[in-house]
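To start, the structure under review is shown below, and the notes come after it.
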Amino acid sequence: MLPTLRSYEDSRRAFRWRVPAAFNAAADGPDRQCMGGADPDRTALIAALADGSEAHVSYASLKRLSDLLASAFAALMVEPGARVATLLPHGLELSLSALAALKAGGVIAAMDPAWTPGDLRAAMAAAQPRVVVADRASLTAARRAATACDPAPAILCVASPIEEVADFWSVLYAAPPAPVRVSTAADDPAFMVFSQGRTGRPKAILHAHRAALGHLPGLEMVFEDAPKAGDLLWCAAPPSHPMGLIVGLFGPWLMGMPVIAAAPPETAAEAEDRFALFARHGVRLALLTPKAIEGLALFPEPRSHYSFSLRAAACIGGRPPKDADRWCREALGLPLGRVYGEAETGPIAATHPHWFADDSEAAIGRAIPGAVIDVVDADGRPVPMNAVGHLAVRQDHPGLCLGHEGSAPAVARWARRKYVGAWFLTDDIVTLDEDGNLRFVAKADDVLPYDEAGFLPDDVERVIASHRMVAAAAALAMTGKSGEPEVVVAVAAKPGLPKGDDAALALLAADVLNHAEKSLAAYAMPKRLVFVEEIPRTDEGRVHRAALRAVLQK
C-alpha cells in the first residue's frame with residue numbers, strides 16, 4: 001500500500017487509503033493469490049505437523065481446505081457475526097480456522113490456553129463462540145472455559161483423544177464441498193483480539209475486516225518496502241497476541257508473502273532451533289516480541305553457527321529488552337526496527353532504518369503513512385512539542401477497532417475515556433519531537449498517586465533495582481490501611497538471601513529503603529517493600545501489574 005519513494009516525508013504526502021466498501025479479509029486476501037495472473041501453487045505457510053514433519057502449504061491448498069472448513073462451520077451455525085474461538089498455536093489448523101470463520105461471515109477469537117482459568121473463562125464469556133477449536137494440550141482448558149457460554153459451543157479437537165469430542169480433520173473432510181461465501185462489508189466485525197491483561201482481565205476488542213488493510217502500512221514501512229522477491233516472514237507473536245493474527249498472518253498473505261509458523265524460543269536449545277530454521281528455509285523477515293528477543297539471545301553468536309539471510313528484523317508489542325539494539329546488530333547483523341500499536345489501534349508508528357534512525361531505548365518510531373497521530377492531554381488538546389501526553393490517533397484510521405466488548409457500564413466507561421473529540425486516546429504516555437520521533441514514557445495506568453498529576457514509577461524502580469541485593473523492582477499504587485492510595489514496591493531479591501528468614505528480609509528492606517532515600521524525593525519514597533519470587537511480566541516484557549497486584553493482595 002505504501003508508495004515506493006525515497007523519503008519518509010514523500011511517502012506521508014503521497015499515501016492515500018484505498019479501503020473498498022465490500023471487503024473480506026479471507027476471501028479478498030489469501031484467496032486472491034489463486035486468481036488469474038497469480039500462482040496458486042506458491043507456498044503460503046510453512047508449519048510443523050503433529051508427526052514432526054513440516055508442511056509447505058500452497059495458497060491453493062489453503063483455499064481448498066478453508067472452503068471446506070467454512071462449509072463445516074456454517075453447518076455448526078457459524079453465521080454473520082458469530083464467533084469461532086481457538087486455543088491453538090500458529091500453524092495449519094489455526095490458519096484454516098481463521099480463514100474459514102471469516103469466509104462464513106463470522107469472527108475469529110484466538111485465545112491462549114496459558115491464561116489463568118478465570119481469564120480464559122472471561123474471554124469465552126465475552127466471545128460466546130458457536131465453535132471452539134483446540135488441540136489435545138488445551139482441550140481440558142477449552143472445555144472448562146466453554147461452560148461460560150450459553151448455548152454451549154461445538155468443540156473440535158485436533159487429533160481428538162476422546163469419542164465425545166469431534167475431530168477437527170474429520171469434520172473438515174466430511175463437510176459439503178460447496179464453498180460458503182458470505183458477502184461482508186469492510187466495517188463488519190472479523191477479529192476479536194484480547195489485551196494483554198496487564199492491569200486487569202484481558203479486554204475483548206472487536207476489529208473489522210478493514211483492520212487487515214489498516215495494519216499493512218506498518219509492515220511495509222518497518223520491513224522497507226515489503227514484499228520483495230524471496231521474502232519469508234517469521235512472526236514471533238502468538239495468535240492470542242493482539243496483533244498475532246492480523247499482522248502475523250493476514251497482513252503477509254494480503255501482500256502475497258509466505259509465513260513460517262514457529263513459537264518463540266524459551267531455552268537455548270529452542271533458540272538454536274529457530275536459527276537453524278532461519279537458515280534452512282531462508283527466512284528474510286523477523287517480527288519479534290520482547291520475549292522472543294530474550295529467548296533468541298540465549299544462543300550466542302548465531303551467525304558463527306548458521307548461515308541465515310535475514311534482511312530486516314523488528315520488535316512489536318512493547319519496549320525491547322535492554323541492549324536489544326546492540327544484540328540485534330551483533331547477532332543478526334541488522335538494526336532493530338520498531339512497530340508500535342495497541343490492541344485497539346493496530347500499528348500506527350514504526351521505524352524505517354533507511355529513511356531515519358532512532359534506536360534509543362524509548363523510541364517507538366514515527367507515524368505510519370496514513371495514520372494521523374498527535375500527543376494530547378486528557379481532554380484531547382495538543383500538548384507542546386517534547387511535552388508528555390497521551391498518544392492519540394484520529395478516529396478515521398482504518399486500523400482502529402470497532403469497540404470494546406463487555407457489560408454496558410464497562411463499555412461506556414471505556415468509551416468515555418478513549419474517544420475524545422476527533423481522537424482515540426491510547427493508554428501510552430509519550431513525547432513527540434520536532435522531527436516526528438515518538439518516545440515512550442510510561443503506560444497511563446503506571447502513573448503513581450501524588451498531587452493532581454501523579455508521577456511515573458521509572459525512577460522509583462530504577463533506584464530500588466540499583467541496590468546490590470535487588471534483581472528487579474516494580475512499583476504500583478495499593479490501597480493502604482487508611483483507605484488512601486500508597487506506593488508499594490515489589491522486590492525480587494538476588495540469589496543468596498535465606499528463604500523464609502523474616503529477620504533477614506526486614507534488615508534488607510531497611511537497607512534498600514535507606515539506599516533509596518539518598519536519591520528519591522520524599523513523595524516518591526515507597527510506603528512498603530514486599531519481597532516476591534519474581535516480577536510477573538506480559539509477553540511484551542512489561543510488568544504485569546494485575547498479576548503482581550494479585551500476588552501482593554494474598
Computed log₁₀ I(q)/I(0) - Debye formula, equal Cα scatterers, no solvent, the stretch 447-552, q 0.11 Å⁻¹: -0.32
Pairwise FRET efficiency - ASP501 versus ARG32, Cβ, R0 = 51 Å, nearest 0.05: 0.20
Coarse-grained scattering of the stretch 316-446 at q = 0.12, 0.18, 0.20 Å⁻¹, given as base-10 log I(q)/I(0) from a Debye sum over alpha-carbon atoms: -0.48, -0.98, -1.16
Difference of contour (0.36 nm per residue) and Cα-Cα distance, LYS481 to ARG42: 151.6 nm
Packing-based exposure ordering (other Cβ within 10 Å, fewest first) of GLU79, GLU484: GLU484, GLU79
FRET efficiency estimate (nearest 0.05) - Cβ-Cβ, ALA137 to TRP17, R0 45 angstrom: 0.65
Segment LEU5-VAL530, extension gain: residue separation times 0.36 nm, minus the distance between their alpha carbons: 183.6 nm
Set of lysines near LYS203 by C-alpha distance (under 29 Å), chain-local residues within fewer than 8 positions excluded: LYS103, LYS291, LYS322, LYS418, LYS443, LYS554
Selection of trypsin sites (Lys or Arg not before Pro), the stretch 186-260, meeting DSSP coil and at most 13 other Cβ within 10 Å: LYS228
Relative contact order (%) - criterion: Cα under 8 Å, at least six apart; region: the stretch 361-493: 20
Relative pair counts by distance (%), Cα atoms of the stretch 58-213, 5 Å bins: 2, 10, 20, 23, 22, 14, 7, 2, 0, 0
The chain, relative contact order in percent, only Cα pairs under 8 angstrom and at least six apart counted: 12
Burial ordering of TYR523, TYR8, TYR59, TYR340, fewest other beta-carbon atoms within 10 Å first: TYR523, TYR8, TYR59, TYR340
Volume in Å³ per residue [convex hull over Cα atoms, computed for the chain]: 168
Residue order, fewest to most beta carbons within 10 Å, for VAL57, VAL551: VAL551, VAL57
Restricting the stretch 1-107 to trypsin sites (Lys or Arg not before Pro) in coil, as DSSP defines it, with at most 16 other Cβ within 10 Å: ARG6, ARG16, ARG18, ARG42
Label-point separation, GLU517 to HIS305 (7 Å along Cα→Cβ), nm: 4.9
Sites matching GluC sites (Glu not before Pro) across the stretch 513-554 that sit in DSSP coil, with at most 13 neighbouring C-beta atoms within 10 Å: GLU533, GLU534
Inter-site label distance for ASP396 and THR267 at 7 Å from Cα along Cβ, in nm: 5.4
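Rule-based calculations on the coordinates, nothing more; no lab input. All values derive from a computational prediction rather than experimental measurement. As a convention, Cβ positions derive from the backbone with ideal geometry for all residues, glycine included, and neighbour counts pool all protein chains shown.
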